[in-house]
Amino acid sequence: MKKLASQPHRKLTHNWSMAEYDKSPERTSAATTLKTEQIQIRRSPKYFPFLLTGGILGLIIAFALNASIAPEARSAAPILGYLVAFSVAIGAGLGVVAAIILDRIGASRSKTLEATKLEG
């Protein structure tokens, strides 16, 4: 089988000739107009993954702190529950603060470009 390298590869979804394609309703509708707008492109973090990661790190720190307490220094109070509650809350809060800082950095590095929009 002979391969034709000079012709571009096209995927045909319909078996139309060019004359039939030009008569399609999409092509013969009202004239299209071009509208140029200024758009801002920037990267922005998703807050939930930062919140979740901070909470999980807080949970790990709570278990590590609980394991570091000597058994004779423990009281009857459920110290692990308090450690988990406070550590997860602090870790989640720090995760959101990190996301906000990254969002501000991304906003300062944003780019303004022109985009052309087809209307009609």
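The values are calculated or read from the model by the stated rules, or taken from the named source; none is laboratory data. On a predicted model such as this, the values are computed, not experimentally measured, just so you know. For neighbour counting, all protein chains shown are included, and Cβ atoms are generated from backbone atoms with ideal geometry for every residue, glycine included.
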> Just for segment 32-64: of the residues that are among the β-branched types (V, I, T), surrounded by fewer than 16 Cβ atoms within 10 Å (Cβ to Cβ) and not in a loop (DSSP other than H, G, I, E, B), which one is nearest to the chain's Cα centre (by Cα)?
Replying inline: I41
>> For a quick check of your reading of the model, give me the residue pairs whose first member lies in segment 84-97 and is touching a residue at least 24 places away in the same chain (Cβ under 8 Å) and among the hydroxyl-bearing types (S, T, Y), whose second is in a helix (DSSP H, G or I) and surrounded by 16 or more Cβ atoms within 10 Å (Cβ to Cβ), with beta-carbon atoms closer than 6 Å and at least 6 apart or on different chains.
In response: S87/G58; S87/I61; S87/A62
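Only residues that are of a type in the set (K, R) and either at pLDDT 95 or above or out of contact with any Leu (no Cβ under 8 Å at 6 or more places or on another chain) (or both): list them for segment 78-120, please.
R104, R109, K111
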>> Against the conditions (1) surrounded by 15 or more Cβ atoms within 10 Å (Cβ to Cβ); (2) over 38 Å from the mean Cα position of the chain (by Cα), where does P78 fall short? Just the number, please.
In response: (1)
> Within segment 83-91, is there a residue that is in contact with a helix residue (DSSP H, G or I) (Cβ under 9 Å, 6 or more places away or on another chain), surrounded by fewer than 13 Cβ atoms within 10 Å (Cβ to Cβ) and within 20 Å of P45 (Cβ to Cβ)?
Replying inline: no
